[in-house]
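In what follows, a single structure is set out as structure tokens and then discussed.
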Amino acid sequence: MRTFSAKIAILSVLLLSFNFSVNAQALTGPQIDSLVQKTMKTFDVPGMAVAVLKDGKIYHKNTYGVRSLKTNATVNENTLFGVASNTKAFTTAALGQLIDQGKLTWDTKVTDIIPEFKLNDAYVTNEFTVRDLITHRSGLGLGAGDLMVFPANNTTTKAEMIHNLRYLKPVSSFRSKFDYDNLLYIVAGEVIARVSGKAYDDYISENFFKPLGMNRSFLSIPEIKADANRIDGHAPVNGKLELTADTFTQIATPAGGIFASINDMSTWVEAQLNDGKYGENLKNSLFSEKVHNEMWTPQTILRSGKGPYNTHFSAYGLGWFLSDVNGYFQVTHTGGLNGIVSQVTLIPEMDLGIIVLTNQQSGSAFTAITNSIKDAYFGIKGEDRIKQYNDRRLAGEKEEDSIVSAVEKSIAAQLKSKTPKPNPADYTGTYKDVWFGNVAISNLNGNILFKAEKSLDLTGTMTFYKGTTYVVRWNDTSLKADAFVTFSLDTEGKANGFTMSPISPLTDFSYDFQDLEFGRVN
């Protein structure tokens, strides 16, 4: 027999459930359309695709705007968007399938599969597991080594990248803290290839796209670029949107290479909400319940503030960010490429999934949409998420403008000054970083040029700033990653090396200039 206090507790739960059902009112389709259109206007986003899944059905799915400002062709349900790091969940799911087949475990040593795998520390190398590859706790810094695969015009091969991991210096102890990385997901993709005997792209296509009927999902860059129904990325440059170039090389696909339609991403999210089950009467399964639970189990603890939803914990699972929001368990991931961002959010207890795909790199836009939709289901009223995130965006841009403006003023003052300037001949030459490769600093008709040998996008003109520091402005302004180049000098006053750092605090973390240490080759 239940005690009186137990009965009161049950009654309280029922009343809370009743209050939730009374106060929570999902946004209607027209309201979501209005929300998206206002968001696109506020954040200057040319095109979007948004889907909401609820209780096993597509509650809302619509597309908005244009694929590209170049063509003005409209977005439709089959338009390919870059899902970027939402690819990581496919990578971990593929590992899960191989674990179900008994071919490896989450804690299999990486060197048992890839003998040439080596990190900076011998102990870490020997202890490094498959789980460590996909939980961002390696000890390497944020985005470490990304410049081997980012931006896209880079000639580093996968074998070279794996070899060069040994040169990346840790910034924390092994398994002690979270620092987001991409390169180790590429290694995870190689684990999948070697264990399965199939190329990563083929494995994902055969074991996820094909069974789920995801016919508008691709991993091959040439195939994606040849598809007429795909977006272009866009980034604001001096107040005006410009088309962006490709982001990652083909070898980076396991970390962020999938392009997919809103239709296909809805199918993927539906399978996730069904614990990996799909098909008629959910009779088929992508992976076991045990594997699914492990992917949604905290692996690496993150720092957490309460945020907009009274969040008490935040962690990274296996290919997913995990947290509590307004008393519910949330599973989510974002993705970002040059000019493209995406967000997938699941609240399993509510059988709710939200997908936002965009062709402009404003993360504030997808956050405003997702959180506005969540607010409605949570019964939260009176919050203007568009204004909140736009205010934050404007504050960040104001800070960036202030920093860049100060740099420009200093450069202008130096140009006008009669103070002797450094002799370009003391700085020109070839310099090498052990994992990034060579950079040529040359003097052409009085202009000092920076040209990376392997990363062809990183070509630009250098301007004297202060002391032994120059500013390099990349020829492709849409990269939004201009940087300081600070030379070190030998006893004769000739440059014998240099380091780099981004000028703007908003520079994408994959420009890990801070990890580079160049020494003169000639």
Identify all residues within the range 164-177 that are assigned to a helix (DSSP H, G or I) and surrounded by fewer than 23 Cβ atoms within 10 Å (Cβ to Cβ); write none if there are none.
-> 164, 166, 167
Go through the residues of the range 372-383 one by one and say whether even a single one is over 28 Å from residue 206 (Cβ atoms) and among the aromatic types (Phe, Trp, Tyr).
-> yes
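Is it true that some residue in the range 288-303 is in a strand (DSSP E or B) and either surrounded by fewer than 18 Cβ atoms within 10 Å (Cβ to Cβ) or within 19 Å of the chain's Cα centre (by Cα) (or both)?
Filtering the range 288-303 down to residues in a strand (DSSP E or B) leaves 300-301.
Cutting the leftovers down to either surrounded by fewer than 18 Cβ atoms within 10 Å (Cβ to Cβ) or within 19 Å of the chain's Cα centre (by Cα) (or both) gives us 300-301.
Within the range 288-303, one or more residues are in a strand (DSSP E or B) and either surrounded by fewer than 18 Cβ atoms within 10 Å (Cβ to Cβ) or within 19 Å of the chain's Cα centre (by Cα) (or both).
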Within the range 310-338, restricting to residues that are aromatic (Phe, Trp, Tyr) and at pLDDT 95 or above, the one that is farthest from residue 94 (Cα to Cα) is 328
Counted residues in the range 336-355 being within 21 Å of residue 96 (Cα to Cα) and in a strand (DSSP E or B) come to 3
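Would you mind stating whether residue 319 is of a type outside the set (D, E, K, R), in contact with a Lys or Arg (Cβ under 9 Å, 6 or more places away or on another chain) and assigned to a loop (DSSP other than H, G, I, E, B)?
Spelling it out, residue 319 is indeed of a type outside the set (D, E, K, R), in contact with a Lys or Arg (Cβ under 9 Å, 6 or more places away or on another chain) and assigned to a loop (DSSP other than H, G, I, E, B).
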Considering 389, 377, which residue is among the hydroxyl-bearing types (Ser, Thr, Tyr), outside the structural domain of residue 79 (by TED's automatic domain parsing) and touching a helix residue (DSSP H, G or I) at 6+ places or on another chain (Cβ under 7 Å)?
-> 389
What number of residues in the range 412-433 are modelled with pLDDT of 85 or more and part of a helix (DSSP H, G or I)?
-> 5
Qualifying positions in the range 458-467 - modelled with pLDDT under 95 and either polar (S, T, N, Q) or on the phi < 0 side of the Ramachandran plot (or both) | 463, 464, 465, 466
Within the range 434-488, the residues that are aliphatic (A, V, I, L, M), assigned to a strand (DSSP E or B) and touching a helix residue (DSSP H, G or I) at 6+ places or on another chain (Cβ under 8 Å) are 448, 471, 483
Filter the range 494-510 down to the residues that are outside any loop (DSSP other than H, G, I, E, B) and in contact (Cβ under 8 Å) with a residue 60 or more places away in the chain, then identify the one that is surrounded by the most Cβ atoms within 10 Å (Cβ to Cβ).
-> 498
Helices (runs of 4 or more DSSP H) fully within the range 183-278 counting 1 or more residues that are touching a Cys at 6+ places or on another chain (Cβ under 9 Å) and over 19 Å from residue 68 (Cα atoms) = none
Starting from the range 58-75, take each residue that is under 16 Å from residue 45 (Cβ atoms) and list its partners that are in a loop (DSSP other than H, G, I, E, B) and among the small types (Gly, Ala, Ser), counting only C-beta distances under 6 angstrom and pairs at least six apart or across chains.
-> 67/73
Residue count for the range 356-399, restricted to those that are assigned to a helix (DSSP H, G or I), of a type in the set (Gly, Ala, Ser) and either at positive phi or free of Cβ contacts under 8 Å to residues at least 24 places away in the same chain (or both) = 1
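Matching residues to (1) free of Cβ contacts under 8 Å to residues at least 40 places away in the same chain; (2) touching a Leu at 6+ places or on another chain (Cβ under 7 Å); (3) buried (at least 23 other Cβ atoms within 10 Å of the Cβ); (4) not assigned by TED's automatic domain parsing to the domain that holds residue 47:
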{"site": "86", "(1), (2), (3), (4)": "no, no, yes, no"}
{"site": "95", "(1), (2), (3), (4)": "no, no, yes, no"}
{"site": "100", "(1), (2), (3), (4)": "no, no, no, no"}
{"site": "106", "(1), (2), (3), (4)": "no, no, no, no"}
{"site": "121", "(1), (2), (3), (4)": "no, no, no, no"}
{"site": "133", "(1), (2), (3), (4)": "no, yes, yes, no"}
{"site": "136", "(1), (2), (3), (4)": "no, no, no, no"}
{"site": "140", "(1), (2), (3), (4)": "no, yes, yes, no"}
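Okay, residues lined up against (1) surrounded by fewer than 18 Cβ atoms within 10 Å (Cβ to Cβ); (2) within 30 Å of residue 106 (Cα to Cα):
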| site | (1), (2) |
| --- | --- |
| 331 | no, yes |
| 343 | no, yes |
| 366 | no, no |
| 384 | yes, no |
| 387 | yes, no |
| 395 | yes, no |
| 408 | yes, no |
| 411 | yes, no |
Conditions (1) over 30 Å from residue 237 (Cβ atoms); (2) at pLDDT 95 or above -> residue 22 fails only (2)
Checked the range 467-493 for anything among the small types (Gly, Ala, Ser), touching a residue at least 40 places away in the same chain (Cβ under 8 Å) and either farther than 17 Å from residue 150 by Cβ or in the same structural domain as residue 139 (by TED's automatic domain parsing) (or both); matches are 493
Residues 126, 72, 120: which one is of a type in the set (S, T, N, Q) and on the phi > 0 side of the Ramachandran plot?
-> 72
Give the residue, chosen from 150, 128, that is in contact with a Lys or Arg (Cβ under 9 Å, 6 or more places away or on another chain) and among the aromatic types (Phe, Trp, Tyr).
-> 128
Look at the range 202-212 and say how many of its residues are in contact with a strand residue (DSSP E or B) (Cβ under 9 Å, 6 or more places away or on another chain) and not aliphatic (A, V, I, L, M).
-> 4
Scanning the range 142-163 for residues that are surrounded by fewer than 24 Cβ atoms within 10 Å (Cβ to Cβ) and in a helix (DSSP H, G or I) gives 146, 158, 159, 160, 161, 162, 163
Search result, residues across the range 175-205 that are in contact (Cβ under 8 Å) with a residue 60 or more places away in the chain and of a type in the set (S, T, N, Q) = 182, 196
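The values are calculated or read from the model by the stated rules, or taken from the named source; none is laboratory data. Values in this document were obtained by computation on a predicted structure and should not be read as measured data. Positions of Cβ are backbone-derived with ideal geometry, glycine not excepted, and every protein chain shown enters the neighbour counts.
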